[in-house]
Amino acid sequence: MAMATNSRERCKFGATCKRRATCRYLHPKNEHECKAFNFSSTEPDYDSVQWPIGSYNNFQLDYESQQANLQPLPWQYSTNQNLSYTQSQLSLSSSFHSIVHNDSFDSNNQQSYFYNVGIQYHQPPNEVHTLNNPWQKQSRNCKVRDSESRSTNENDCNHYRSMSSTWLQQMKDEIQVLLRDNISEISKQHQSLIVEQQRLLEDLDDDDDIKLQKEGNLQELKDQFEIFEQTIFNLSTFNPLTLEEAHYLLNRLKREIGRLKARLPIYARRQQLIDTIKSNRVIILKADTGSGKSSQLIQYLTDAGFADHGQIVCTQPRRLAARELALRVAKEFGCQVGEEVGCHVGACRPKVSRRTRIRFVTDAVLLNEYQMDPMLRTYAIVIIDEAHERHVDTDLLFGAMKLCLSKRPDIKLIVMSATLDDKLLSKYYQNACVIEVSGRAFPIKDIYAMEDAENHVDEAVNKVLEIHTNGIPGDILVFLTGQDEINQAIDKVTRKLDSSESVLVLPLHGKLNEDEVQAVFMTKNSKTQRKIIFSTNVAETSITIDGIQHVIDSGMVKEVMWDTRRHIRVLKIGYTTQSSIKQRRGRAGRTSSGTCYHLYTYDTYQSLEVCSRAEILCIQPSIAVLKLKHLDIVDDITKFDWLESPSNNSLQETVKSLTWLGAIDSNTGKLTDLGRSMAKFGLEPMLSVMILMGQKLNCLSHILALVGMLSVVQNIWWRGENDESKHMSNEIRASFTRDTDMGGDFIALLRIFLEWHAIGERKERRKAWCLKHMIRWKSMTMANSLIRELVYQIDPKFQVHLTELNDELIERIVRCVCAGFFQNLAISNGPIRAGYQLATGTTDTVAHIHRSSVITFAQQPPKFILYHEIININETNYLTVICPVELDWLNKSWLDSLPRSPSRCVFDSYTFINLGPALLLALVGKKCKKVPQLEEQLHVLFEVDRAQSKLIVWGHPEKLSNAQQCLQQILNKERDKLRNELQEFQIVGSTRILLGAGAEPRLVLVEDEYIKIFLKNLPKNITEKQIQEKCELYGQVRNVTMIRTNYNSISASVTYGICRSARLAVTQLSCEKWNGCQIYASPSYTRTSVDTNKQNYKLKAEWFMTESECNGRVTFNKLQEAQRAYQVFTDRCHFRCQFEINPINPMVKCSWPLKPHHGHAIVNFSTVEQAQEVSYTILFLRKMFLFDINKF
């Protein structure tokens, strides 16, 4: 039952208020007004009903006279202020007296706060609803009431007073039980934990490394209990006089119990945080993962009264995080989302009301509110969470809040993250206060891969199956790059795991609806059931999934990057940063101890950037420029106060691109009407122009459908693993293509949606259609959801009407595509395998057509095409969603402005064959990391075929010959390096063995010995030869390998001949600067587990003591391959071979030496004393008889 209120609230003390003349609350004028009530019998409408804002801190306790009239409860909570943490002295008083009911409370005030509370306390629903009618809002035009209606109203009021008193008493009884039983029990449990931790601490030695950590944990537990005691004591002194007060007090007590049970680190710092926020306007909170900052701080501020004068808003970079935090906080607050806790994400209607005190929104939503109200008068505190992600909207919000702080002195700003650059932000906000809160994480074991995964999806699936097959308990969280990889992994896992009851395989990414997201957080059906969750980086921060004990980290992320040299926008899949990996790793230790499996080497981890760069520095900031001009923050975007400003060239190129699209007036530099409409969409400018052109050409419904399909284009088709299913998928894709020269992939996508949409709204029929056509049903529903959201933005009354395609309609749609994407022009290089040359940029940039395009079915590739986006996979550019065009269809002025006229180029090719996997890897690098640099140097295009170990080079005839010679020299050099290469293998513990060519043992490394060093922060333009020359100053260098090129530096590994040289190099190079860059040198313990900290001296290495007899065994997985090899060895090589089948153990590994033995051996002893005794004996014999100990 909801109640509408006036803008001002009634005074608690009514006509008896002692400060009535100066009181800011409403008072009754006479006795009749005391009995007049206005209630509504309808359910609350969060958009129209005005709700009373009530809290413990809004009970009108600001007047001394009112405070004096509030009598404390007789059962006050007792505490011992001088805490001595022993089991006998730490106790909570359990003697609570009965609640004394105060009958002198103001019934008018009680009714003014009543809203749907009594329903929760043993009242039948029918009885509650029968009470609605007597308090319906009376007509304001009625001046005279007859005595009968007045008498009826008074009787109803008396009935209500009686029931309200009953409900209030019931709530007080529940509060009494809570204080007497629950709080006493949770306090005893916490005290027992303190005593246990204290006992464990006493057992540790003073020099134990973990003693300091244990002392910190113990002090944290004590601080938490002190906060809890003080809070409970303060709450127990308050006597609730109304239902709302009792309801609030009950919820506060339950929340405090939950907080002490959770034992989050931030709870121990609550009072310090509140005091600091009271005395500062800007606070930078750097809190580790698992500290509880995202869900708890905003509640602490609300309880402390900060929300009394305005809402507290918390921004999140992702919709999913905002929704989940709103749900969690609302649950802890004892309300529904839309009441005290609100949420607003995307273009949907916000879930807020007049009762809302806490609001979770996305960064973009708060920016839109800033555009409407630059003073942000609705809010008292703004919290920007997960600031380290540095999305464009986050950086814009930093600048907008800096302006708001300068104009409004009463607003406060809190910036939170686990890995943010606190010094940079503190300086930006004029030396803002910085607070650090440590996190709480259970022990996590790290397991790094022996080699970087070539296919991280397959490796992740294999690791999931390995964990599940071995029966290791705990749920599994896998980090992949996007929805397409997640669906691919789920398909593979579900096919290989038979029992669906024991495993629950779920996706988690930003495009899921609320029900699908909630499935991730729901309780499992049984304790034996395992959750396997495949997620994007949305699970890195803000959300906690209980039960996760295994994290499988691919180390990869999908990001949109702007290539400043080529002037192209690229969707790139590459390694993430160290800070992101730490966040992912922390997911395994949120609720219990766990393990993190890294699908890359420790050297690769060390080579990564520490923190991610701001998105504004990595992309062409088109949307940022549109929003800045739309918000009217500054006239000149170059003068905007960025936290880290993009380059002037980047901003100028963006303005130039938007000017070509018609969004910016070339004379005034201001937004045009088209530009203002584009800014409201929040989409990529090219898509916005396409939509607005569709509106103009009367094909808006079809353009909206096309935009929806483009949002899921990477994840539409389902492709099986076997050749038959792949062939079937290609045939189905081809069936949606009527004419590849008319619209290409754009029209094919539209045809798919039209057929799916024409089936009707029935879910089963649409699913069956998707299954038949090998199309992912979830992708289609996501596209449909985006279409509805865009319709709501454009005009909620607009009706999507999709007609069949014809030539005239297709022509209009293609004109819309050209209007938006004309700057994405590419010109054919001849054969389709030779790729396309991009029209923009000052350098020759070539990209291939992605295999998903219908253009691959064409006999002759089109001369000119427009593409939707470029995807970079293993350093190879692929064009996706192709539309064949003619130059006459494009913007003539833009074509004339190109540095060179679009013309057709014809490439030739040369193929390097039989390179072998090792040599090919050495040439192109892991995941083809060396390819871009080679292509840039040689002005050619590489096509790597790992299956056949060959390299195809495409280029202009005059450049191809030079590239062939250079590549041959590089191959010869890499062959020599491979001959001298040493492989390092872990034997036992941190003991490693170095093997040379033919698996010849060269050296054994124990404890902290190493011959390989890792160099980081090297100048970006240096070569391997320069690194080798510098490192040879400290000893013989066997090998130099470039590992990674970052934004402004590179990393490399250097292998020395002996340990002493490597150790000297680490010592000396760590103190040097190279071209102004401080070098970071560290040992590299390749192929060992980094968490191993103890040396195991048991080592057994065996090899043949006789010369090789030139016999060997080759094992094949397939019978046909073995038979074919048998024929080749027998007929061509004239080997004496014996063919045998071993069905029991088909995997056999044999090795034999390539060189004669050296007469060295290892003797094992049972004890160290025996070994020492023999050693002394040998030394004595050597002195006496010149015995060579090196041969023993």
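The values are calculated or read from the model by the stated rules, or taken from the named source; none is laboratory data. Worth saying up front: this structure is predicted, and the values here are computed from it rather than measured. Here the Cβ is made from the backbone with ideal geometry for all residues, glycine too, and neighbour counts use every protein chain on show.
Just to be sure before I move on: is ARG676 among the charged types (D, E, K, R), modelled with pLDDT under 85, on the phi < 0 side of the Ramachandran plot and surrounded by fewer than 23 Cβ atoms within 10 Å (Cβ to Cβ) in the structure I sent?
Judged against the criteria, ARG676 is not a match.
So, in segment 895-938, how many residues would count as being within 37 Å of the chain's Cα centre (by Cα), part of a loop (DSSP other than H, G, I, E, B) and at positive phi?
Qualifying residue count, segment 895-938: 1.
Starting from residues that are of a type in the set (Val, Ile, Thr) and closer than 25 Å to THR601 by Cα, keep the ones in segment 962-992 and report whichever is surrounded by the most Cβ atoms within 10 Å (Cβ to Cβ).
Taking the candidates together, the pick is THR991.
ILE543 is checked against (1) surrounded by fewer than 22 Cβ atoms within 10 Å (Cβ to Cβ); (2) over 21 Å from TYR575 (Cα atoms) and fails just one. What number does that condition carry?
(1)
With (1) closer than 30 Å to GLY835 by Cβ; (2) surrounded by 14 or more Cβ atoms within 10 Å (Cβ to Cβ); (3) modelled with pLDDT of 85 or more as the list, and TYR1010 as the residue in question, which single condition is left unmet?
(1)
Only one of (1) crowded, with 22+ Cβ neighbours inside 10 Å; (2) under 27 Å from GLN197 (Cα atoms); (3) not assigned by TED's automatic domain parsing to the domain that holds VAL195 is not met by GLN272, so which one is it?
In the conditions (1) crowded, with 22+ Cβ neighbours inside 10 Å; (2) under 27 Å from GLN197 (Cα atoms); (3) not assigned by TED's automatic domain parsing to the domain that holds VAL195, GLN272 misses (1) alone.
When segment 991-1010 is examined, which residues are found to be out of contact with any Pro (no Cβ under 9 Å at 6 or more places or on another chain), of a type in the set (A, V, I, L, M, F, W, C) and farther than 17 Å from ARG979 by Cα?
Scanning segment 991-1010 gives VAL1004, LEU1005, VAL1006.
Return the only residue of LYS950, LYS959 being among the basic types (Lys, Arg), within 29 Å of VAL457 (Cβ to Cβ) and surrounded by 14 or more Cβ atoms within 10 Å (Cβ to Cβ).
After applying the criteria, what remains is LYS950.
Please work out which one of (1) surrounded by fewer than 18 Cβ atoms within 10 Å (Cβ to Cβ); (2) of a type outside the set (A, V, I, L, M); (3) within 27 Å of ALA418 (Cα to Cα) is the condition LYS558 fails and give its number.
Condition (1) is where LYS558 drops out.
Consider SER353 carefully, then state whether it is among the polar types (S, T, N, Q) and either assigned to a loop (DSSP other than H, G, I, E, B) or modelled with pLDDT of 95 or more (or both).
For SER353, the condition - among the polar types (S, T, N, Q) and either assigned to a loop (DSSP other than H, G, I, E, B) or modelled with pLDDT of 95 or more (or both) - is met.
Give GLU869, GLU886 a once-over and let me know the one that is touching a strand residue (DSSP E or B) at 6+ places or on another chain (Cβ under 8 Å), of a type in the set (D, E, K, R), free of Cβ contacts under 8 Å to residues at least 40 places away in the same chain and assigned by TED's automatic domain parsing to the domain that holds ILE732.
GLU886
Given PHE864, PHE912, which one is outside the structural domain of MET450 (by TED's automatic domain parsing), under 30 Å from SER1051 (Cα atoms) and at pLDDT 90 or above?
PHE912
Given the conditions (1) of a type outside the set (A, V, I, L, M, F, W, C); (2) assigned to a strand (DSSP E or B); (3) over 24 Å from LYS558 (Cβ atoms); (4) touching a His at 6+ places or on another chain (Cβ under 8 Å), and given that ARG833 satisfies all but one, which numbered condition is not satisfied?
The number of the failed condition is (2).
Modelled with pLDDT of 85 or more and surrounded by 11 or more Cβ atoms within 10 Å (Cβ to Cβ): does that describe ALA1101?
So ALA1101 does not fit the description; no.
Which one of these is under 35 Å from the mean Cα position of the chain (by Cα), crowded, with 16+ Cβ neighbours inside 10 Å and more than 22 Å from VAL906 (Cβ to Cβ): VAL817, VAL846?
So the residue among VAL817, VAL846 that is under 35 Å from the mean Cα position of the chain (by Cα), crowded, with 16+ Cβ neighbours inside 10 Å and more than 22 Å from VAL906 (Cβ to Cβ) is VAL817.
If you go through segment 577-606, how many residues are of a type in the set (Phe, Trp, Tyr) and over 24 Å from ARG390 (Cβ atoms)?
2
Does LEU396 meet the test of being assigned to a helix (DSSP H, G or I), closer than 20 Å to LEU297 by Cα and at pLDDT 90 or above?
no
Results for (1) part of a strand (DSSP E or B); (2) in contact with a Phe, Trp or Tyr (Cβ under 9 Å, 6 or more places away or on another chain), shown as yes or no for each residue.
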site: CYS818; (1), (2): no, yes
site: ILE827; (1), (2): yes, yes
site: THR840; (1), (2): no, no
site: ALA847; (1), (2): yes, yes
site: SER852; (1), (2): no, yes
site: PRO862; (1), (2): no, no
site: HIS868; (1), (2): yes, yes
site: ILE871; (1), (2): yes, yes
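Looking only at residues that are of a type in the set (Lys, Arg) and in a helix (DSSP H, G or I) in segment 754-769, which one is surrounded by the fewest Cβ atoms within 10 Å (Cβ to Cβ)?
The residue in question is LYS763.
Being at pLDDT 75 or above, within 30 Å of TYR1047 (Cα to Cα) and over 13 Å from the mean Cα position of the chain (by Cα) is true for just one of ILE533, ILE568, ILE548, ILE573. Which residue is that?
ILE573 is the lone residue from the list that is at pLDDT 75 or above, within 30 Å of TYR1047 (Cα to Cα) and over 13 Å from the mean Cα position of the chain (by Cα).
Restricting the search to segment 803-843, which residues are of a type in the set (A, V, I, L, M, F, W, C) and farther than 30 Å from GLY955 by Cα?
Of everything in segment 803-843, those that are of a type in the set (A, V, I, L, M, F, W, C) and farther than 30 Å from GLY955 by Cα turn out to be LEU805, LEU809, ILE810, ILE813, VAL814, CYS816, VAL817, ALA819.
Pick from LEU413, LEU403: which is of a type in the set (A, V, I, L, M, F, W, C), at pLDDT 90 or above and buried (at least 21 other Cβ atoms within 10 Å of the Cβ)?
LEU413
Of all residues in segment 576-632, which are assigned to a helix (DSSP H, G or I), basic (Lys, Arg) and farther than 28 Å from ASN1048 by Cα?
ARG587, LYS627, LYS629
Tally the residues that are in a helix (DSSP H, G or I), aliphatic (A, V, I, L, M) and within 14 Å of VAL352 (Cβ to Cβ), restricting the search to segment 320-337.
Adding up the residues that qualify gives 4.
Going through GLU436, GLU459, GLU451 one at a time, which residue ends up being touching a residue at least 12 places away in the same chain (Cβ under 8 Å), in the same structural domain as GLU609 (by TED's automatic domain parsing) and surrounded by fewer than 18 Cβ atoms within 10 Å (Cβ to Cβ)?
Only one candidate passes the filter, namely GLU451.
Show the residue pairs that are 6+ apart or on different chains and have beta-carbon atoms under 7 Å apart, the first residue being within segment 586-613 and not assigned by TED's automatic domain parsing to the domain that holds ASP452, the second being part of a helix (DSSP H, G or I).
From segment 586-613, no pairs qualify.
Tell me, yes or no, whether segment 637-651 has at least one residue that is assigned to a helix (DSSP H, G or I) and in contact (Cβ under 8 Å) with a residue 60 or more places away in the chain.
Among the residues of segment 637-651, at least one is assigned to a helix (DSSP H, G or I) and in contact (Cβ under 8 Å) with a residue 60 or more places away in the chain, which makes the answer yes.
Which one is surrounded by the fewest Cβ atoms within 10 Å (Cβ to Cβ) among residues in segment 923-947 that are among the hydrophobic types (A, V, I, L, M, F, W, C) and closer than 20 Å to HIS456 by Cα?
Of everything passing the filter in segment 923-947, ALA947 is surrounded by the fewest Cβ atoms within 10 Å (Cβ to Cβ).
Which of (1) under 18 Å from LYS1025 (Cα atoms); (2) loosely packed, with under 15 Cβ neighbours inside 10 Å; (3) of a type in the set (A, V, I, L, M) does ALA999 not meet, given it meets every other one?
For ALA999, the exception is condition (1).
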